[in-house]
Structure formats: structure tokens, C-alpha cells
1. Which numbered condition in (1) touching a Lys or Arg at 6+ places or on another chain (Cβ under 6 Å); (2) without any contact (Cβ under 8 Å) to a residue 12 or more places away in the chain is the only one that ALA120 fails?
2. So ARG94 ticks every box in (1) in contact with a Pro (Cβ under 8 Å, 6 or more places away or on another chain); (2) closer than 24 Å to VAL135 by Cα but one. Which box is left unticked?
3. Being in a helix (DSSP H, G or I), surrounded by 11 or more Cβ atoms within 10 Å (Cβ to Cβ) and of a type in the set (Gly, Ala, Ser) is the filter here; which residues of the stretch 71-130 pass it?
4. Could you figure out which of (1) at pLDDT 90 or above; (2) among the basic types (Lys, Arg); (3) not in a helix (DSSP H, G or I) isn't true of LYS155?
5. Scan ASN29, ASN68 and give me the residue that is within 22 Å of the chain's Cα centre (by Cα), modelled with pLDDT under 95 and not charged (D, E, K, R).
6. Would you say SER61 is over 28 Å from the mean Cα position of the chain (by Cα), in a helix (DSSP H, G or I), modelled with pLDDT of 90 or more and not assigned by TED's automatic domain parsing to the domain that holds GLU116?
7. State yes or no: is GLU163 part of a helix (DSSP H, G or I), acidic (Asp, Glu) and in contact with a Pro (Cβ under 9 Å, 6 or more places away or on another chain)?
8. Of ARG53, ARG35, which residue is surrounded by 16 or more Cβ atoms within 10 Å (Cβ to Cβ), in a helix (DSSP H, G or I) and of a type in the set (D, E, K, R)?
Amino acid sequence: MCYGILNHFIHLKLDTPQYILALSRAETNAPKRLRLLAISHFLEGENRAGISRILKVSRCSVNKWVANYLSDGLPALEAKKAKGQPCPLSIKQREQLSDYIDKQSRSTKGGHLTGETIRAYISEQFQINYHPDAVYKLLHRLGFSWVTSRSKHPKQSQTAQDEFKKTAN
């Protein structure tokens with residue numbers, strides 16, 4: 001929820017325990033709901049140790065939430081984006097990889113791609129070594145999904161199937 005500049009001017013009127021409790025009830029994100037409940041209890045006069053016992057969280061967490069709230073208001077209770085290792089491929093390289101996968105999958109020669117062939121392509125083109133599991137995670141982030149066709153018997157004949165369908169009816 002974005003509060004913007006207006007929140008700083010009416011900080012005292014909006015940040016009542018009842019208002020924050022109403023926000024917590026409307027919140028769908030469970031960790032944020034817990035932070036809002038902690039602030040609501042704090043504004044009602046509950047001490048931080050009591051809040052941690054009521055909500056069954058560590059007192060250190062409650063201290064951080066209250067300190068963040070007191071310094072920056074309600075926007076400080078928003079969840080921060082989790083940091084992780086950045087993708088080794090640049091945006092341009094990811095686009096090139098997506099184009100390669102798209103072209104190969106639409107190829108008239110079958111379009112059969114495996115994680116290993118994609119890993120080899122990345123290693124050859126970009127000199128970046130991926131673990132096989134990481135290749136599938138990368139494909140998922142690029143919007144690709146694993147699709148397999150129905151297997152066919154080596155001796156399967158489409159003409160024989162069509163003839164069977166004609167005589168069966």
C-alpha cells in the first residue's frame with residue numbers, strides 16, 4: 001500500500017491503533033499483517049516484550065518493526081524485495097537465448113531441446129557455465145515451460161491408423 005507524501009501531513013490522524021488494526025485485517029500478506037498487528041499493540045500502549053509474547057515472535061523483531069515505524073511511518077513496514085545472486089546473463093544475452101530457444105523449438109528438424117543442449121549453448125555462446133538445475137530455473141524465469149509430446153512407437157504408421165479408422169466405422 002502506498003501512502004505517499006500525504007501520509008506525512010496527517011501522520012497522527014491515520015496512525016491510530018484502530019486504523020492500523022483495520023489495515024492488518026485487510027492485509028493479505030501474512031508477515032506484513034503481523035508487523036501491522038505489532039504496531040497496533042504498540043500504539044495501544046503494550047510494551048515490546050508483551051507484544052512479542054502475544055504475537056509469538058522474537059522481541060528483537062518487534063523492536064525492529066517499532067523502530068522502523070517510528071522513523072519512517074507505515075511505509076517502513078512494507079516487505080523488502082529479497083536479495084539474491086543476480087543472473088549471470090545480461091538482458092541482451094537472455095533475449096538472444098530466448099530467440100535461440102524459440103527458433104529451435106519451431107525448427108522443421110524436430111525442435112527437440114534438452115537442458116543439456118541449452119547449457120552447452122550458453123557455455124559456447126556466452127562463456128558462462130550453468131549447473132543443469134539452474135538452466136531449468138533460468139528457462140522458467142524466461143517464461144518457458146517443459147512441454148513434451150506424446151511418444152510414438154517406432155513402427156507406428158499414420159496411413160495404417162487412417163485405414164483402421166475407415167474400416168472400424
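1. So the condition that ALA120 fails would be (1).
2. (1)
3. Answer for the stretch 71-130, where residues must be in a helix (DSSP H, G or I), surrounded by 11 or more Cβ atoms within 10 Å (Cβ to Cβ) and of a type in the set (Gly, Ala, Ser): ALA76, SER98, SER105, GLY115, ALA120, SER123.
4. (1)
5. Numbers: ASN68 fails: within 22 Å of the chain's Cα centre (by Cα).
Just a single option satisfies the conditions, and that option is ASN29.
6. So SER61 does not fit the description; no.
7. For GLU163, the condition - part of a helix (DSSP H, G or I), acidic (Asp, Glu) and in contact with a Pro (Cβ under 9 Å, 6 or more places away or on another chain) - is not met.
8. Of the residues listed, the single one that is surrounded by 16 or more Cβ atoms within 10 Å (Cβ to Cβ), in a helix (DSSP H, G or I) and of a type in the set (D, E, K, R) is ARG35.
The values are calculated or read from the model by the stated rules, or taken from the named source; none is laboratory data. Predicted model, so just to flag it, every value in this text is computed and none were measured. When we count neighbours, we look across all protein chains shown, and the Cβ atoms used for this are built from the backbone with ideal geometry, even at glycine.
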